[in-house]
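The values are calculated or read from the model by the stated rules, or taken from the named source; none is laboratory data. Values in this document were obtained by computation on a predicted structure and should not be read as measured data. Here the Cβ is made from the backbone with ideal geometry for all residues, glycine too, and neighbour counts use every protein chain on show. Ligands, DNA and RNA are stripped out before the accessible areas are found, and what is left, the full protein with its side chains, is counted by its heavy atoms. Shrake-Rupley method; radii C 1.70, N 1.55, O 1.52, S 1.80 Å.
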Amino acid sequence: MKFIKWVLCILLLCGCSSSSVEKEPVENTYIVFASPLIKHEIWLKAKAGMDQACSELGYYCDWLGPAVIDTEEMNAVITTAIAQKAAGIITQAVVSETLLERASSKQIPVILVDSDMPKSSRYAYFGKNFHEQAKIFLNDIEKRLGKDTFLKIGIQVAEKDFAIAKDQIQEIENVFQNHKGGYEIIDVTESNSDKVVAKKEWDISFEIHDFNVVINFAGESAAACSEIAEEKGIRDSLLIYGVDDMSDNINLLKQGKLDGIVVTSFYHYGYQSVYLIDQYRQNKKPLSESVQDITLLMVTKDNVDTYEEELKNAQD
């Protein structure tokens, strides 16, 4: 018995000593998507794209973040991903710029999607060109109302303080100044990415103001706006626009309760971001073009049944 115990001790000691020998690190294949809204219909399309690319390339991918807007929780996800030496991070530009610098210093590429921090240490950006988006809106408005109509505009965003909201509104101003009939942004409200809040804000805004054009930059806001406009009997007196091809928006377009939505492929955000991270890991070099092209389309009742194929063909 003593002999057996002695042998076991020797084996344990050998095991302990061998674990202290430095080994070559195993290459990390972990990619984290710090989503702004992990249960939101439109962002889940980005998850589907990420999952597909990870499956093709052999990465393990995690989809983490808040269920409601909470940038501190997103920052916590990124902090953990950096500590875990992730192969790459995908997120929206509502997070701490300092964390992007920290990731870059650890040679962890960060891909920003949907909104950008141009002066940050991000590796690449996939997202809408807000100047082009504003031109698409104005083009459709002028087709319907003409170039001489004065535009009384209401806007709703998710959060007024977010750079993405400020940038989109700024580009509306930059582009709409070319409208011959003139324009005024009469009111800007926020939805907090919550349809109940969105409806309440539009209800109040419609009581106070008289619009002929409303633009919703939060995905859920167009449906909320449409419902309130119907309830108040003012739908026929204004154009209602939105963004993102959420199921509510598509259904309302088919019913003629929305006039148009500007869409892009969130699936493309997730899918191409993983491939960019893989490209970085292959050569560790900056991209010649860090801002990646993304297709924008205006979807109306006329092309609502064909836009997905059009979007796919434009990106292939």
So which aspartates and glutamates pass the test for LYS135, namely a Cα distance under 13 Å, with those fewer than 8 places away in the same chain ruled out? GLU171, GLU173
What does the accessible area of VAL32 come to, in Å² to the nearest 10, when a probe of 1.4 Å is used? 0 Å²
Which lysines does LYS200 reach when only Cα atoms under 23 Å apart count, and residues fewer than 8 places away in its own chain are ignored? LYS39, LYS152, LYS160, LYS166, LYS232, LYS257
Please state the relative contact order of the chain as a whole percent: Cα pairs under 8 Å, 6+ residues apart? 18 percent
Starting from the Cα of ASN192, step 7 Å along the direction of its Cβ; do the same at LYS301; then give the gap between the two resulting points in nm. 3.5 nm
Lys, Arg +1 and Asp, Glu -1 on Cβ, resulting dipole of the stretch 165-316 about Cα centre, debye, nearest 20: 420 debye
Full-extension gain between LEU57 and ILE234, please, as 0.36 nm times their residue separation minus the C-alpha to C-alpha distance. 58.6 nm
Which aspartates and glutamates, if any, have their Cα less than 14 Å from the Cα of LYS254, not counting same-chain residues under 8 positions apart? ASP245, ASP302, ASP305
Have a look at the DSSP beta bridges in the chain and tell me what percent are antiparallel, nearest 5. 10 percent
Quick one: what are the phi-derived ³J(HN,Hα) couplings along the stretch 194-199, Karplus 6.51/-1.76/1.60 with θ = phi - 60°, whole Hz, x for glycine and proline? 10, 5, 4, 5, 4, 5
Inter-part gap, Cα centre of the stretch 247-306 to Cα centre of the stretch 169-200, in whole angstrom, is 22 Å
Projecting each Cα onto the charge dipole of the stretch 178-316 (Lys/Arg +1, Asp/Glu -1 at the beta carbon, about the Cα centre), which of SER288, ALA218, HIS179 comes out farthest on the positive side? SER288
Hey, what did the stretch 159-287 get for relative contact order, percent, Cα under 8 Å, at least 6 apart? 17 percent
Kindly report the accessible area of the chain per residue (heavy atoms of protein chains, probe 1.4 Å, no ligands, DNA or RNA), in Å². 50 Å²
Carbon and sulfur: what percent of the chain's accessible surface (1.4 Å probe)? 50 percent
What list of ³J(HN,Hα) couplings, whole Hz, do you get for the stretch 133-138 from phi and the Karplus terms 6.51, -1.76, 1.60, once you set θ to phi - 60° and write x for glycine and proline? 4, 4, 5, 5, 4, 4
Expected unfolding gain across GLN279-LYS200 under the 0.36 nm per residue rule, minus the alpha-carbon gap, is 23.9 nm
Nothing charged except the Cβ atoms of Lys and Arg (+1) and of Asp and Glu (-1): what's the magnitude of the dipole of the chain about its Cα centre? Round to the nearest 20 debye. 1300 debye
FRET efficiency for GLU173 and GLN255, Cβ-Cβ distance as r, R0 = 35 Å, nearest 0.05? 0.65
Give the label of the value calculated from the structure for Rg/Rh (Cα atoms, Kirkwood Rh), choosing from [x] 1.13; [y] 0.98; [z] 1.05. [x]
With charges only on Cβ, +1 for K and R and -1 for D and E, what is the dipole size of the stretch 223-276 about its Cα centre, in debye, rounded to 20? 80 debye
With axes computed from alpha carbons, what is the tilt in degrees of helix 71-83 against the longest principal axis of the chain, rounded to the nearest 10 within 0 to 90? 30 degrees
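Can you figure out the FRET efficiency of ILE185 with ASN313, using R₀ = 22 Å and their beta-carbon distance, to the nearest 0.05? Working shown, then result.
Working: r = 35 Å, r/R0 = 1.58.
Efficiency, rounded to the nearest 0.05: 0.05.
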Once R0 is set to 25 Å, what does the formula 1/(1 + (r/R0)^6) return for the Cβ-Cβ distance between SER121 and ASP70, expressed as a FRET efficiency to the nearest 0.05? 0.60
Determine ³J(HN,Hα), in whole Hz, for all residues of the stretch 87-95 in sequence, where each value follows from phi through the Karplus function 6.51 cos²θ - 1.76 cosθ + 1.60 and θ = phi - 60°; x replaces Gly and Pro. 6, x, 10, 10, 6, 9, 7, 10, 9
